[in-house]
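Trainee: Dropping a structure here in structure tokens format, bear with me for questions.
Every number in this text was worked out from the coordinates using simple rules, so none of it is lab data. Bear in mind the structure is a predicted one, so any value in this text is a computation, not a measurement. Quick reminder, even Gly has a Cβ in these numbers, built from the backbone with ideal geometry, and neighbours come from all protein chains shown.
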2 protein chains.
Amino acid sequence: MFAIIMAGGIGARFWPASREHLPKQFLAITGDRTMLEETLARAERFAPPNKISVVVGRIHAELTKRILAGKPVDVLIEPRGRNTAACIGLAALHAKRVAARGVTEDEPMAVLPADHFIADVESFARTIRAAAEVARDGAIVTLGVTPNRPETGYGYIHTGAESGESLEQPVFRVKRFVEKPDYQTALGYLSSGDYLWNSGIFVFTARTILDEIKACMPALHEGLMEIERAIDTPDYEAAVERVYDRIESVSIDYGVMERTSKPIYVFKADFGWSDVGSWQALYELRGSECDEHGNLSLGDSMPSGAMIVDAKRNLVFSNTERKVALLGVEDLVVVDTPDVVMVARLDRSQDVKRFPESLKT
Amino acid sequence: MFAIIMAGGIGARFWPASREHLPKQFLAITGDRTMLEETLARAERFAPPNKISVVVGRIHAELTKRILAGKPVDVLIEPRGRNTAACIGLAALHAKRVAARGVTEDEPMAVLPADHFIADVESFARTIRAAAEVARDGAIVTLGVTPNRPETGYGYIHTGAESGESLEQPVFRVKRFVEKPDYQTALGYLSSGDYLWNSGIFVFTARTILDEIKACMPALHEGLMEIERAIDTPDYEAAVERVYDRIESVSIDYGVMERTSKPIYVFKADFGWSDVGSWQALYELRGSECDEHGNLSLGDSMPSGAMIVDAKRNLVFSNTERKVALLGVEDLVVVDTPDVVMVARLDRSQDVKRFPESLKT
């Protein structure tokens, strides 16, 4: 099967470690490798390297090629970010092309955001394989995460009855995709037990998703066809540029999932999933690596960690050679980079994006 | 009159801005100039430049000469720190020598620590001149600060009856110098109204202090005489080295003031004095420069200050070109230097010296 890694995100949530030129998927925050490399390693469990595509923005193309040097994966370049519908459509065109070279044209493709954390990668691969079996027959399949808090930062999937099994994993019908709720609504979703978080991970064939884009987003489909005609011609880059210049920026959730008349199926993602949406989420994710006072030092230049006196429950991230010293402080995130040092309350870390926003204005 | 600026301190209290090679007196923390330069500017109000000596440790000699380039002041070099008694004794030898070149041999000399802050420099100069009038007759004179809190970090001066006036300023007899008290004792001193903080500022003639060193610290006096014989000979540096190698490290307070049988007089230092003993003390000293939320940005590379979102009552000091960003934090001191960034609770800032101590062990 195919794997499409969407690495086009421009994350500001790990500022100042993440920047426009170095978003989260290019940071080694969840382990020793960048999140992109970890995503690729997961994809290699179910897809051969020549069926893996990484979709990135042009400004990250060089960085991506450097990180993936020696890997025979395809790097597809978007001239600018146009959200997930365009990204997935572009990847589907290329999957069709590779498939045409010999295999079946209707192989499933798993769409994977490059900046998610997954704890149990073996269980993850099993779920993707089970989803692929369902997708192979032309269905749209998604993965949903059982909520453990009334999160207002995610979309939700309203789940219907169990409709069977695939590779011993239960499959549910999707009643509806719903957008990020307010807090009261999220509380209701959580207590009903009928809702899952939308993980952003999908499995379908290229044919299926291109058909659905044609049905739900005809303008995008027309653009994709223009690009397809230019594949393997000297006009390819100019065609992508022209099309990306005029198409709307729409997510696959809103553009297709909320509109399609096709049935959608969902598997429960029970493999330990996090979109690592903030410094606080990262701190919680790697909590087991804290010292006895709850302090966590991350970053590749800090083999000996921070200097700590009477400090508790702090996250220190550094990508410099400098020492970070903490005295008496609690519940902070301290991020040290070559040109910015940030000190924030961990429970305010979802607001760090206000700094790059304020620098733009 | 003479002025002796004692710049030999090796401060760790402003770590990581202050280091062994760059102690507090060489930092521009109380204003745009280094504390040494501010001390020199105060001394120039009552002493001609050729009667001002700056005493520094050898490791700071080059830095001192660079800072004072173009000033015709004497820089006296100690091979290593041996506390204030030796420092003052050495300076007195040189004052005698300069005095011998034409002026009277019994001119008063004011001894000034190089790392104190003084708010009203005109009032300071008036007090020094008044003290000099008393010292000219051979007395030991000191300046005491009216306490406003039960400080346990200073020595105290037990003050007796008013014994007269000098230049319209009241003079008091000193009953006793006492060392740093415990908290209960300090509370008693504060409420009694009979105690002043020992500012470390003294005025006496070279003859007086050398006589008292002879009486109270004969070993030091013998060493000073050995150095005096070598002045203006090729053996001078070696003589200082030999003597500093063997003498004890004793403060003038303990070595002379607590032992002398001579009467000591004290003037009240009503000119706004601080020894700027911690980052917190600095924050309080410069409180009027805070923004509306109590945040204070200091350091010569931060013309536009820190980037602040919902943060209150923080001190940011930087001697780098980097930006410091604060989000949601309160009552912190953040110090950014080329090789260390420190984040501490302001009210724990007296403990920052534990970092350089831990680096030594």
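Trainee: Looking at the stretch B:80-187, which trypsin sites (Lys or Arg not before Pro) are DSSP coil and have at most 10 other C-beta atoms within 10 Å of their C-beta? List each step's numbers first, then the result.
Mentor: On the way: sites: B:R80, B:R82, B:K96, B:R97, B:R101, B:R126, B:R129, B:R136, B:R173, B:K175, B:R176; in loops: B:R80, B:R82, B:R101, B:R136.
For trypsin sites (Lys or Arg not before Pro) across the stretch B:80-187 that sit outside H, G, I, E and B with at most 10 neighbouring Cβ atoms in 10 Å, the list reads B:R101.
Trainee: Another question, if that's okay. Starting from the Cα of A:D137, step 7 Å along the direction of its Cβ; do the same at A:R313; then give the gap between the two resulting points in nm.
Mentor: Output for this residue pair reads 5.0 nm.
Trainee: Hey, another quick one. Taking θ as phi - 60°, what are the ³J(HN,Hα) couplings along the stretch B:306-313 by the Karplus curve (6.51, -1.76, 1.60), each to the nearest whole Hz, with x for Gly and Pro?
Mentor: These are the phi-based 3J(HN,Hα) values: 7, 8, 10, 10, 6, 10, 9, 6 Hz.
Trainee: Using θ = phi - 60° and the Karplus relation 6.51 cos²θ - 1.76 cosθ + 1.60, list the HN-Hα couplings for the stretch A:126-139 in order, rounded to whole Hz, with x at every Gly or Pro.
Mentor: Residue by residue, the stretch A:126-139 yields 4, 5, 4, 5, 5, 5, 5, 4, 6, 5, 4, 7, x, 7 Hz.
Trainee: Which of these, A:T233, A:T30, A:T159, has the largest mean-square fluctuation under a Gaussian network model of chain A (Cα springs below 10 Å)?
Mentor: The residue that fluctuates most here is A:T233.
Trainee: Any idea what Rg and Dmax come out to for chain A if you just take the C-alpha atoms, in Å?
Mentor: My reading of the Cα-based Rg and Dmax gives 20.9, 64 Å.
Trainee: Right, something else. In straight Cα distance, which lysines are under 19 Å from B:K96, not counting same-chain residues fewer than 8 positions off?
Mentor: Cross-link targets: B:K51, B:K214.
Trainee: List the GluC sites (Glu not before Pro) in the stretch A:123-222 that DSSP assigns to loop (not H, G, I, E or B) and whose Cβ has at most 14 other Cβ atoms within 10 Å. Which are they?
Mentor: Values: sites: A:E133, A:E151, A:E162, A:E165, A:E168, A:E179, A:E212, A:E222; in loops: A:E151, A:E168, A:E179.
Answer in residue order: A:E168, A:E179.
Trainee: Give me the Debye-computed log₁₀ of I(q)/I(0) at q = 0.21, 0.23, 0.24 Å⁻¹ for the stretch A:42-134, equal point scatterers on Cα only, no solvent, two decimals.
Mentor: Normalising to I(0) and taking log10 leaves -1.26, -1.42, -1.47.
Trainee: Can I ask one more? Taking Cα atoms, how many degrees apart are the long axis of helix B:183-192 and the longest axis of chain B, rounded to 10 and kept between 0 and 90?
Mentor: Relative to chain B, helix B:183-192 is tipped by roughly 70 degrees.
Trainee: Please give every one of the aspartates and glutamates within straight-line cross-link reach of B:K65, meaning a C-alpha to C-alpha distance under 19 Å, and leave out same-chain neighbours fewer than 8 residues apart.
Mentor: Cross-link targets: B:E20, B:D32, B:E37, B:E38, B:E44, B:D74, B:E78, B:D115, B:E237.
Trainee: Rounded to the nearest 500 deg cm²/dmol, what is the calculated helix-only ellipticity per residue at 222 nm for chain B, with -39500 (n - 2.57) per DSSP H run of length n ≥ 4? Walk me through the intermediate numbers first.
Mentor: Details: 10 runs with 108 residues, N = 361.
Theoretical 222 nm ellipticity from helices: -9000 deg cm²/dmol.
Trainee: For A:V54, list long-range residues whose amide hydrogen, built 1.01 Å from N in the peptide plane, is under 5 Å from its own amide hydrogen.
Mentor: Answer set, sorted by chain and number: A:I5, A:D74, A:V75, A:L76.
Trainee: List the residues whose amide H sits under 5 Å from the amide H of A:I247, counting only those 5 or more places along or on another chain, with H placed 1.01 Å from N in the peptide plane.
Mentor: Amide H to amide H, under 5 Å and 5 or more residues apart or across chains, A:I247 pairs with nothing.
Trainee: Once fully extended, how much extra length lies between B:A61 and B:S274, figured as 0.36 nm per residue of separation less the alpha-carbon to alpha-carbon distance? Present the calculation step by step, with values, prior to reporting the outcome.
Mentor: Working: separation 213, 0.36 × 213 = 76.68 nm, distance 2.54 nm.
Gain in length upon complete extension: 74.1 nm.
Trainee: To one decimal in nm, how far is B:R66 from the same spot in the other copies, if labels go 7 Å from Cα toward Cβ? Please give the shortest first.
Mentor: Output for B:R66: 3.4 nm, nearest copy listed first.
Trainee: Starting from the Cα of B:I231, step 7 Å along the direction of its Cβ; do the same at B:K262; then give the gap between the two resulting points in nm.
Mentor: 1.7 nm
Trainee: Return the loop-located GluC sites (Glu not before Pro) in the stretch B:261-311 (DSSP other than H, G, I, E, B) with at most 14 other Cβ atoms within 10 Å of their own Cβ; answer none if there are none.
Mentor: Numbers: sites: B:E284, B:E289, B:E292; in loops: B:E292.
Here the GluC sites (Glu not before Pro) that fit, given the DSSP loop and packing criteria, are B:E292.
Trainee: Enter the Cα centre distance for the pair the stretch B:182-243 and the stretch A:294-361, rounded to the nearest angstrom.
Mentor: 46 Å
Trainee: Over the alpha-carbon set of the protein assembly as shown, divide Rg by the Kirkwood Rh and report the Rg/Rh ratio to two decimals. Before the final figure, lay out each step's value.
Mentor: On the way: Rg = 36.1 Å, Rh = 30.6 Å.
Rounded to two decimals, Rg/Rh equals 1.18.
Trainee: Then there is this: Residues with amide H under 5 Å of B:V340's amide H, sequence separation 5 or more or different chain, H placed in the peptide plane at 1.01 Å from N; which?
Mentor: The answer is A:K323.
Trainee: Given springs between every Cα pair under 10 Å in a Gaussian network model of chain B, which of B:V54, B:V324, B:V335 has the largest fluctuation?
Mentor: Ranking B:V54, B:V324, B:V335 by mean-square fluctuation puts B:V324 first.
Trainee: I need A:M225, A:M307 ordered by Cβ neighbour count within 10 Å, fewest first. If you can, show how the numbers build up before the last one.
Mentor: Working: A:M225 15, A:M307 20.
So the ranking, lowest neighbour count to highest, is A:M225, A:M307.
Trainee: Work out from phi, with θ = phi - 60° and the Karplus expression 6.51 cos²θ - 1.76 cosθ + 1.60, the ³J(HN,Hα) of each residue of the stretch B:272-289, listed in order in whole Hz, and give x for Gly and Pro.
Mentor: x, 10, 8, 8, 6, x, 6, 4, 5, 4, 5, 4, 5, 4, 10, x, 5, 8
Trainee: Let me ask something else. Report the label-to-label distance for A:E357 and B:K71 in nanometres (one decimal), using points 7 Å from each Cα along the Cα→Cβ vector.
Mentor: 4.9 nm
Trainee: Mind scanning A:K71/A:K353; A:K323/B:K360; A:K180/B:K323; B:K180/B:K262; A:K24/B:K353; A:K24/A:K262 and naming the pairs with a C-alpha gap bigger than 27 Å?
Mentor: Working: A:K71/A:K353 33 Å; A:K323/B:K360 15 Å; A:K180/B:K323 34 Å; B:K180/B:K262 22 Å; A:K24/B:K353 36 Å; A:K24/A:K262 34 Å.
The pairs that break the limit, which is 27 Å between Cα atoms, are A:K71/A:K353; A:K180/B:K323; A:K24/B:K353; A:K24/A:K262.
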